[in-house]
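Only one structure is covered here, and it is reproduced in the block below.
The values are calculated or read from the model by the stated rules, or taken from the named source; none is laboratory data. The structure presented is a predicted model; accordingly, all values stated were derived computationally and were not measured. So basically every Cβ, Gly included, is an ideal-geometry build from the backbone, and we count neighbours across all protein chains shown. All accessible areas refer to the heavy atoms of the entire protein, side chains included, with ligands and DNA or RNA removed. Shrake-Rupley method; radii C 1.70, N 1.55, O 1.52, S 1.80 Å.
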Amino acid sequence: GKLAQGKPVTVSSIESSSYPGSNAVDGNTGTRWASVSFSDPQWIYVDLQASYNISRVRLNWEAAYATAYQVQVSANASTWTTIYSTTTGNGGIDDLTGLAGTGRYLRIYGTQRGSQWGYSLYEFEVFGTAASGAGPIPDGTYKIVARHSGKCLDVAGFATANGSPVHQWSYGGGDNQKWTITHLGNSVYKIIGVQSGRSLDVAAQ
């Protein structure tokens, strides 16, 4: 259920700034996402940041639940494939198992509300396994994090010249900590610093 936790979320609307989409994937059942009232459809999707084979989705609805909704997957957040659909939702916890769909994005698309209010989710959990061959997104931009330290690959001093050293540093969001990964074929990649346009290179080979 941790696939979605803390990942970027996009929503159709929010009731107020107290109920952002991120509340639905924060692992805390005391917070929730709520859409605006009186309007259909409404939706929430999470960017899992890699492609997964989705097998289960667990929805913990607040009193403002969906009677009719679809669970959808997508590779690009624009073309969606429905892997579950119901028109008889009754709120509470919907633990949807036996699902089969592959995508980077997973969306809950509500088309009929169970109350006069909007849609509201305490938690939106996604279960699955990494899709085979799920390497980096082509020409995607990444931060590169060392598992032992949690620190990011960083170009020292924001330098842009050839031969500028890299080291690890806490992530601050600067372009000197962002890297574009381009597949050259046969699982070989080049890694280019966003700020400098230079390649990651082993000094003196």
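Numerical summary
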{"item": "Accessible carbon and sulfur surface of the chain relative to its total accessible area, %, 1.4 Å", "result": "49 percent"}
{"item": "FRET efficiency for residue 201 and residue 147, using Cβ-Cβ distance with R0 set to 22 Å, rounded to 0.05", "result": "0.45"}
{"item": "Length-normalised contact order for the stretch 28-159 - Cα pairs under 8 Å, 6+ apart - percent", "result": "36 percent"}
{"item": "Estimated FRET transfer efficiency when R0 is 30 angstrom, pair residue 36-residue 130 (beta carbons, to 0.05)", "result": "0.30"}
{"item": "The stretch 65-114, relative contact order [Cα under 8 Å, separation at least 6], %", "result": "54 percent"}
{"item": "Label-point separation in nm, residue 100 to residue 159, each point 7 Å along Cα→Cβ", "result": "5.5 nm"}
{"item": "Dimensions in Å of the stretch 88-170 - Rg and Dmax from alpha carbons", "result": "21.2, 62"}
{"item": "Kirkwood hydrodynamic radius of the stretch 17-95, from inverse mean 1/r over distinct Cα pairs, in Å", "result": "14.0 Å"}
{"item": "The chain - accessible surface per residue (Å², probe 1.4 Å)", "result": "53 Å²"}
{"item": "Mean separation of Cα contacts under 8 Å (6+ apart) over length of the stretch 1-88, as relative contact order %", "result": "24 percent"}
{"item": "Residue-span extension gain [residue 170 to residue 16] - 0.36 nm each, minus C-alpha spacing", "result": "52.2 nm"}
{"item": "Rough spin-label spacing in nm, given labels placed 7 Å along Cα→Cβ, for residue 78 and residue 58", "result": "3.5 nm"}
